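The values are calculated or read from the model by the stated rules, or taken from the named source; none is laboratory data. Just so it is clear, the model here is predicted, and its values are computed rather than measured. Virtual Cβ from ideal backbone geometry, glycine too; neighbours counted across all protein chains shown.
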Amino acid sequence: MLRKFFPELGKKDLLLHSIVILGLVGMGFILLSSFGKSEPVQPETEDTSVSQEEYRLSLETQLTAMLGSISGVGKAEVLVTLGGSEEYRYARTDDRSVSGDQVRSSTSYVTVGGSSREPLLESVAHPAITGVVVACEGGADISVQEAVYKAVGVACGLSTTQIYVTKLAS
């Protein structure tokens, strides 16, 4: 077909011209596709974020259920105190360039969402547990207190100085 337009070209030149023309047509299609009105693709993410209050209540519920299964504890009420707040960690890229005797480094955040350009959330760290108060029916018994101290200490990663166990008021 190209021989009709370029009769004086040899086989090699004809092949080269064909490749160049196909490349130009491909770039034209790419250029035309950028004018389309398509919605930016949003990554599918579940909203798994939990408020600090919900996190604290969840801990209290889990501890109450766990302590209720320990022999001698009986009915228990638990209060958890948290220190600080949630910490959000965003995905970053670190670029480093060396030119001569100068080194330049820069940090930028990875963004998603097309035109909205929101930073990519990598993880959420919940606030640290700073203390736990347990009031239970068996709280006057020293062996029950010891079992509660150990259970709460292991479950929450706390020392005994950060835990208080007492008898539940009637």
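Within the range 144-161, the set of residues being hydroxyl-bearing (Ser, Thr, Tyr) and within 14 Å of LEU67 (Cβ to Cβ) comprises just one member, TYR149.
Answer with yes or no whether GLN42 is modelled with pLDDT of 70 or more and either part of a loop (DSSP other than H, G, I, E, B) or in the same structural domain as THR166 (by TED's automatic domain parsing) (or both). Against the criterion (modelled with pLDDT of 70 or more and either part of a loop (DSSP other than H, G, I, E, B) or in the same structural domain as THR166 (by TED's automatic domain parsing) (or both)), GLN42 does not qualify. Strands (runs of 3 or more DSSP E) fully within the range 66-167 that include at least 1 residues being in contact with a helix residue (DSSP H, G or I) (Cβ under 9 Å, 6 or more places away or on another chain) and either buried (at least 16 other Cβ atoms within 10 Å of the Cβ) or not aliphatic (A, V, I, L, M) (or both): 76-83, 128-136, 163-167.
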